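Chemist: Below you'll find the structure I mean.
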Amino acid sequence: MQKDDLNTIRFAAIICVVCSMALAGVQGSLRGIQERNKEIDQQVNVLKALSPDFAVDGTPLTEEQITEYFIEGKVPKEDIPGYFENYVSMETVELKKGGPADLYVLKKDGQVVSYAFPAEGKGLWSTVHSYVGLNADMATIRGITFFDHGETPGLGGECSKPWFQANFRGKVLWQDGEAEKLTIAKGNADPETIHNVDGMSGATITGNGIQKFVNKTFQAYNDAFFQENRAM
Amino acid sequence: MPAINKIVLDPLSDNNPVTVQMLGICSALAVTAQLPTAFTMSLAVTLVLCGSNTIISMLRNVIPPKIRMIVQMVVIASLVILVDQCLKAFAYEISKELSVFVGLIITNCIVMGRAEAFAMANPPKESFLDGLGNGLGYSAVLIIVATIREILGAGTLAGIQVLPSSYPGNGLMVIAPGAFVIIGLLIWLQRSITKKYEEA
């Protein structure tokens, strides 16, 4: 073997080792923070569904505080895990299809305030992840959140914006022993109905996807849990 | 050797990597729907460019010629992963929106192009400045495009409402073809001011 071939191999080996050591070091030292970010993000989303105004302890947050929490991502985000552990408990529901699934329950003074369950399904380009929060009546939407999706920014991507998620609040999924299918309108919702939601313009397919997976997941949780626990 | 201020200032307009050399167009389309993502992306590319140019320039006399491009790639990829990890740790919300585009800085032709064309032949200080200049040139285009797209597309700037909220938003501006139009107009504007064209 020629001398410069040996040099080439030696150089390649050194640069590979140096780069991988450096990256391993960085990754190792940042992993803790990254995992905490993910955990906080997930808890924020569960809380958005359970109680969009964070009104568990009686005093709702002001609009500015909510903006700080959710939109600008400013601390007091650090308080969220504490908030989460103090008020939220997680139960497991045995779905008929798909096995055990999470159900988050928000309680205040031992009384259930709201329930939230994860739901996900296809939008136009990507899987949209969501948490759906219901009031203690297990029928009215208290809050909803869409996140971690790859929809077109400005069109279907608007589903992760507060204005769209606010459209779902107070909509009824269950009445008089029957499911009320949630529908997402093209444009403005019909004010006569209780389950028609203002849609996003230019994002019909994302809307249809959301409509489909929210209804389907609600149905599954309803059969497994809400049905038999509902008071009326 | 070119004068120091020319190294930094040249890529801002006369030799801009995006509008003149037509490099880095993909990310200029993808991350410019809103100002904050464009700004973060600009910062990331500038950091990577400065870092990779400096490191490669320091190694330029010991890199075996046969594997020089692979070595450049390893250095660039390591720096990009580093930036990506830092964003995930310290700017989680923005890193979620940028998603794969930070990783794709590895394939941004500007970075590799400057390493091969400049850093392999010049000392570290000049190479650092060349990286800085090209990074700023790229950033300038991204920020101009993002400003126009966000205002016309959503009526906001960095999330703050600037047009009356009755403004319906222009759907073309929020998708990639809108960025094509803006970049095209920008190139036209720039060339009609500087009067520099390439003979076709």
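The values are calculated or read from the model by the stated rules, or taken from the named source; none is laboratory data. Keep in mind it's a predicted model, so treat the numbers as computed, not measured. Every residue, glycine among them, receives a Cβ derived from its backbone with ideal geometry; neighbour counts consider all protein chains shown. Ligands, DNA and RNA are stripped out before the accessible areas are found, and what is left, the full protein with its side chains, is counted by its heavy atoms. Shrake-Rupley method; radii C 1.70, N 1.55, O 1.52, S 1.80 Å.
Chemist: Let me confirm one metric for peptide B:87-94, namely the mean number of other chain beta-carbon atoms within 10 Å of its residues' beta-carbons.
Modeler: Partner-chain Cβ atoms within 10 Å, mean over residues of B:87-94: 5.
Chemist: Work out Dmax and Rg for the protein assembly as shown from the C-alpha atoms and quote the Rg first, both in angstrom.
Modeler: Just the Cα atoms of the protein assembly as shown yield Rg and Dmax of 26.1, 86 Å.
Chemist: Using a 10 Å cut-off around each Cβ of peptide B:32-41, what is the average number of partner chain Cβ atoms that fall inside?
Modeler: Partner Cβ neighbours, averaged per residue: 1.
Chemist: So what is the relative contact order of segment B:51-124, in percent, for Cα pairs below 8 Å that sit 6 or more residues apart?
Modeler: Normalised by residue count, the contact order of segment B:51-124 is 55 percent.
Chemist: Taking the Cα centre as origin and putting +1 on Lys and Arg beta-carbons and -1 on Asp and Glu beta-carbons, what dipole magnitude results for segment A:12-230, to the nearest 20 debye?
Modeler: The dipole magnitude comes to about 580 debye.
Chemist: Continuing with the same structure: FRET efficiency for A:Lys108 and A:Asn229, Cβ-Cβ distance as r, R0 = 25 Å, nearest 0.05?
Modeler: 0.85
Chemist: Leaving ligands and nucleic acids out of the surface, order A:Arg31, A:Arg230, B:Arg149 by accessible area at 1.4 Å, largest first.
Modeler: So, going from the largest accessible area down, we get A:Arg31, A:Arg230, B:Arg149.
Chemist: Most fluctuating residue of B:Val71, B:Val48, B:Val111 in a GNM of chain B with Cα springs under 10 Å: which is it?
Modeler: Among B:Val71, B:Val48, B:Val111, the largest mean-square fluctuation in the Gaussian network model of chain B belongs to B:Val71.
Chemist: Right, here's the next one. Loop by DSSP (not H, G, I, E, B), at most 12 other beta-carbon atoms within 10 Å: where is the longest site-free stretch of chain B for GluC sites (Glu not before Pro)?
Modeler: Here the longest segment lacking exposed loop sites spans B:1-197.
Chemist: Starting from the Cα-Cα distance between B:Leu9 and B:Lys66, subtract it from 0.36 nm times their residue separation and give me the gain in nm to one decimal.
Modeler: Stretched fully, the B:Leu9-B:Lys66 segment lengthens by 17.2 nm.
Chemist: Between the alpha-carbon centers of segment B:1-71 and segment A:146-225, tell me the distance in whole angstrom.
Modeler: 44
Chemist: Now a separate question. Please determine, in degrees from 0 to 90 and to the nearest 10, the orientation of helix B:176-194 with respect to the longest principal axis defined by the Cα atoms of chain B, where the helix direction is its Cα long axis.
Modeler: Compared with the principal axis, the helix lies near 70 degrees.
Chemist: Turning to a different aspect of this structure: Given an 8 Å cut-off on Cα distances and at least 6 residues of separation, report the relative contact order of chain B as a percent.
Modeler: RCO, chain B: 34 percent.
Chemist: If you don't mind, there's one more thing I want to ask. Using the basic label-point model (7 angstrom from Cα toward the beta carbon), what is the A:Lys3 to A:Asp176 distance in nanometres?
Modeler: Label-label distance for A:Lys3 and A:Asp176, simple model: 9.6 nm.
Chemist: Could you list which residues have their amide H under 5 Å from that of A:Ile184, counting only those 5 or more apart in sequence or on another chain, with H placed in the peptide plane?
Modeler: The list, which skips near neighbours in sequence, is A:Val197.
Chemist: For the pair B:Leu43 and A:Glu85, what calculated FRET efficiency results from E = 1/(1 + (r/R0)^6), where r is the Cβ-Cβ distance and R0 = 30 Å, to the nearest 0.05?
Modeler: Between A:Glu85 and B:Leu43 the formula returns 0.25.
Chemist: To continue, here is another question. Need one value: the accessible area of B:Lys96 in square angstrom, 1.4 angstrom probe, rounded to the nearest 10.
Modeler: Approximately 70 Å² for this residue.
Chemist: Between the helical axis of B:35-59 and the dominant principal axis of chain B, each derived from Cα atoms, what acute angle in degrees is found, rounded to the nearest 10?
Modeler: 0
Chemist: Output the Cα-based Rg and Dmax of segment A:12-230 in Å, rounding Rg to one decimal and Dmax to a whole number.
Modeler: That works out to 19.5, 72 Å for Rg and Dmax.
Chemist: Ok, one more. Give A:Lys97/A:Lys212; A:Lys108/A:Lys181; A:Lys108/A:Lys212; A:Lys108/A:Lys171; B:Lys125/B:Lys196; B:Lys6/B:Lys88 a once-over and call out the pairs whose C-alpha atoms are over 27 Å from each other.
Modeler: Distance filter (> 27 Å) returns A:Lys108/A:Lys181; A:Lys108/A:Lys212; B:Lys125/B:Lys196; B:Lys6/B:Lys88.
Chemist: To continue, here is another question. Tell me, what ³J(HN,Hα) does each residue in segment A:3-17 have, in order and in whole Hz, if you take phi through Karplus 6.51 cos²θ - 1.76 cosθ + 1.60 with θ = phi - 60° and put x for Gly and Pro?
Modeler: Once θ is set to phi - 60°, the couplings for segment A:3-17 become 5, 6, 5, 4, 4, 4, 5, 4, 4, 4, 4, 4, 5, 5, 5 Hz.
Chemist: To the nearest 0.05, how large is the calculated FRET efficiency for A:Thr127 and B:Tyr167 if R₀ is 35 Å and r is the Cβ-Cβ distance?
Modeler: Efficiency at R0 = 35 Å is approximately 0.65.
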